[in-house]
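Accompanying notes for the structure given below.
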Amino acid sequence: MVRYNTNFLCVSVMALGILFVVFDMYHKKVVEGNKSSRVYLVGDSTFDNTPYVAKGKDVFSYIQKKNSRAILNAIDDSKISDVYRQLDLVNATDHDTIFISVGGNDILAREMTLEQLMVKYRKMLSYVKKGKVVLCDLYYPPQMKHLHSIIRKWNTFIHLFSEDYEIKKISETMVLPEHFTNIIEPSELGSVVMAETICPGESCNPNANQG
């Protein structure tokens, strides 16, 4: 007759139970990470520079290589008022990330004061219902130095949101003349720089490690 060590059996069952719990937690985290990988790009030609570069050399294409679930809602020449329509197309969950880069065309148009644009921008942000929102400041096109002072004021305004939103400071990475084409648009090299600024590293999954 075979005798079993009761203590050994109890320890084995407990160990298997712990392994099951750990595996289940890991599985849920992986699934959650996959869910959180969706990325939306909202705004203007800072993201949608396809008309100004060769096919596959635009900002979105490089970001999409980092995350195949990236979605481009941004449209060239958009202003703050156009972002509402783009946000209507965003089907985000709380695990998704929405990158917003807009304001440059409003400044160029000079249809409103900077203070009025700031009010307009704040109102636009309140329209976002779900998802982690990441804001981008504006770069300083080397050939448009006459606008640098107003862009600096705008960026100071954007940076004030840092307590509530993550800020991507493309103003600190898009700095060389070769980063631009058509005076103000990201060039092919600028597209690489933009993609790396928005999504550093080999992948783009901003919410993957968040609880």
Net charge over other residues, Cβ less than 11 angstrom from the Cβ of PRO200 (K, R count +1; D, E count -1): 0
Fewest-first sequence of GLU202, GLU178 by Cβ atoms within 10 Å of each Cβ: GLU202, GLU178
Lysine pair count for region 99-197 [Cα-Cα under 18 Å; pairs on different chains or 8 or more apart]: 8
Kirkwood-type radius of region 36-198, with distances r between different C-alpha atoms, in Å: 15.7
Surface/4 of the Cα convex hull for region 34-101, nm²: 4.4
Simple spin-label estimate for GLU111 and GLU178 in nanometres, 7 Å along Cα-Cβ: 3.7
TYR140, TYR84 arranged by Cβ crowding within 10 Å, fewest neighbours leading: TYR84, TYR140
Separation of the LEU89 and LYS145 label points, Cα + 7 Å toward Cβ, nm: 3.8
Ascending count of other beta-carbon atoms within 10 Å, so fewest first, for ASP106, ASP76, ASP58, ASP88: ASP88, ASP76, ASP106, ASP58
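Read-outs throughout are calculated quantities, based only on the coordinates presented, and are distinct from any laboratory measurement. The shown structure was predicted, so the numbers you read here are calculated from the model rather than taken from an experiment. As a convention, Cβ positions derive from the backbone with ideal geometry for all residues, glycine included, and neighbour counts pool all protein chains shown.
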